[in-house]
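> Sharing a structure with you now.
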Amino acid sequence: MPFGHDASLDAAFSAGAGLALFDAALATRPHISGVLRQRLALRAGVACAAMMRMREDERALRDAQHFIKAGADPGPAGRLHRLWRLFAARRARIDGKALRAAADLLGLDAPASIQSVDLDRLVAALDSVAKDHPNPIVAAALSGSATLQALPNAARGEAEILALWVADLALANRLGWDRPVPLIAASILHPSLRAKSSRKRPQPDDQDWLSSCAKAYARASAEAYDLASDLARRSAKLRLAALSLRAKGAGRAVELLLTDDVVAPAMAAMAAGLSDRASRRLFDRLIELGAVRELSGRPSFRLYGL
């Protein structure tokens, strides 16, 4: 290793290069931005469930989202997934209303955990970080740290998740993205980021949090770019297959597949004005054409996606 070599500089360079490449992918493939963000939201939900020592995997979170009655509680892990789904669909702007909604989903709305005055101070702190630190990775790391620092009475795990949520929001804001992308949560648990001495995962109040953030975003941006490339190939197959579809409303079903992680036939039927049977036949046809995959692994209550 050369004299004076700093591993943190390597991480910062890798993160910057990875985010630049991913930014270009977002700009040149807008037709998959919806499904990409929601697929990444699913990964973030699974990672946060693991962080909270829950056992739900991708299949369980998808079921909790798509097979519950409107307005029903999807359960603790389902709420984590919903947190990131809503995150991926909102504007990349930091404000008290957005923070309150996120805190509610995390169960941080109790007066002992987070109060309106805490949110006001946090928003002011995040605005200051955004103005003083144009570097997106630095802004993300400091925003995450500020969030955890602003919530001393909150449950530790939930506060950490909110800090990761804010970090991604700050990153998107500094990069000029219209909508944020769930990135850091799914990579922060990777074994390579754990401290060698304690094997503890990186946390927003660690002394080397900035370096950990850079490493996490380097990994996350590379994985997100690979996912974007895969979804772009799959979307091309879907759009080609759509040319041979004759079912009324098929175009609306294809649009749903390009904007969400998975689609249930009943959901497509309602959106496209199809009967349940016609919707199932449409997805069977798309399977035959190799344009979509069935992702539930069940013979009934199936879910389809790119």
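> Among the listed residues Gly96, Gly45, Gly34, which satisfies the condition of being touching a residue at least 24 places away in the same chain (Cβ under 8 Å) and in contact with a His (Cβ under 6 Å, 6 or more places away or on another chain)? Step through it out loud before you land on a result.
Working: Gly96 fails: in contact with a His (Cβ under 6 Å, 6 or more places away or on another chain); Gly34 fails: in contact with a His (Cβ under 6 Å, 6 or more places away or on another chain).
Going through Gly96, Gly45, Gly34 in turn, just one is touching a residue at least 24 places away in the same chain (Cβ under 8 Å) and in contact with a His (Cβ under 6 Å, 6 or more places away or on another chain): Gly45.
> Can I ask one more? Do we find that Pro202 is of a type outside the set (D, E, K, R) and without any contact (Cβ under 8 Å) to a residue 24 or more places away in the chain in this structure?
Working: of a type outside the set (D, E, K, R): yes; without any contact (Cβ under 8 Å) to a residue 24 or more places away in the chain: yes.
It is true that Pro202 is of a type outside the set (D, E, K, R) and without any contact (Cβ under 8 Å) to a residue 24 or more places away in the chain.
> Exactly one condition in (1) under 30 Å from Leu183 (Cβ atoms); (2) part of a helix (DSSP H, G or I); (3) outside the structural domain of Ala24 (by TED's automatic domain parsing); (4) touching a residue at least 12 places away in the same chain (Cβ under 8 Å) is false for Gly297; which is it?
(2)
> Ala110 passes all but one of (1) modelled with pLDDT under 85; (2) buried (at least 22 other Cβ atoms within 10 Å of the Cβ); which number fails?
Answer for Ala110: the failing condition is (2).
> In addition: Could you check segment 164-268 for helices (runs of 4 or more DSSP H) lying wholly inside it with 1 or more residues that are more than 25 Å from Leu306 (Cβ to Cβ), modelled with pLDDT of 95 or more and of a type outside the set (Gly, Ala, Ser)? Reasoning before the result, please.
Details: elements: 184-188, 209-242, 250-257.
In segment 164-268, 184-188, 209-242 are the helices (runs of 4 or more DSSP H) which contain 1 or more residues that are more than 25 Å from Leu306 (Cβ to Cβ), modelled with pLDDT of 95 or more and of a type outside the set (Gly, Ala, Ser).
> One residue is enough: does segment 119-139 have a residue meeting the conditions of a type in the set (Val, Ile, Thr) and at pLDDT 90 or above? Steps first, answer last, please.
Step one: list which residues in segment 119-139 are of a type in the set (Val, Ile, Thr), which gives 123, 129, 137-138.
Cutting the leftovers down to at pLDDT 90 or above gives us 137-138.
Scanning segment 119-139, I find at least one residue that is of a type in the set (Val, Ile, Thr) and at pLDDT 90 or above, so the answer is yes.
> Exactly one condition in (1) buried (at least 16 other Cβ atoms within 10 Å of the Cβ); (2) on the phi > 0 side of the Ramachandran plot is not met by Ala242; state its number.
(2)
> Continuing with this model, one more query. Hey, among the residues in segment 282-294 that are of a type outside the set (Asp, Glu) and surrounded by fewer than 17 Cβ atoms within 10 Å (Cβ to Cβ), which one's nearest to the chain's Cα centre (by Cα)?
Start the filter on segment 282-294 by keeping residues that are of a type outside the set (Asp, Glu), which leaves 282-283, 285-287, 289-293.
Applying the additional criterion that residues be surrounded by fewer than 17 Cβ atoms within 10 Å (Cβ to Cβ) yields 287, 289-290, 293.
On the way: Ile287: 26, Leu289: 29, Gly290: 26, Arg293: 21 Å.
In this case the residue turns out to be Arg293.
> Pairs needed: first member in segment 156-185, over 19 Å from Gly16 (Cβ atoms) and in contact (Cβ under 8 Å) with a residue 24 or more places away in the chain; second member anywhere, of a type in the set (Ser, Thr, Tyr) and assigned to a helix (DSSP H, G or I); C-beta distance under 6 Å; at least 6 residues apart or different chains.
Final answer for the pair search is Leu162/Thr147; Ala163/Thr147; Val166/Ser143; Val166/Thr147.
The values are calculated or read from the model by the stated rules, or taken from the named source; none is laboratory data. The structure presented is a predicted model; accordingly, all values stated were derived computationally and were not measured. So basically every Cβ, Gly included, is an ideal-geometry build from the backbone, and we count neighbours across all protein chains shown.
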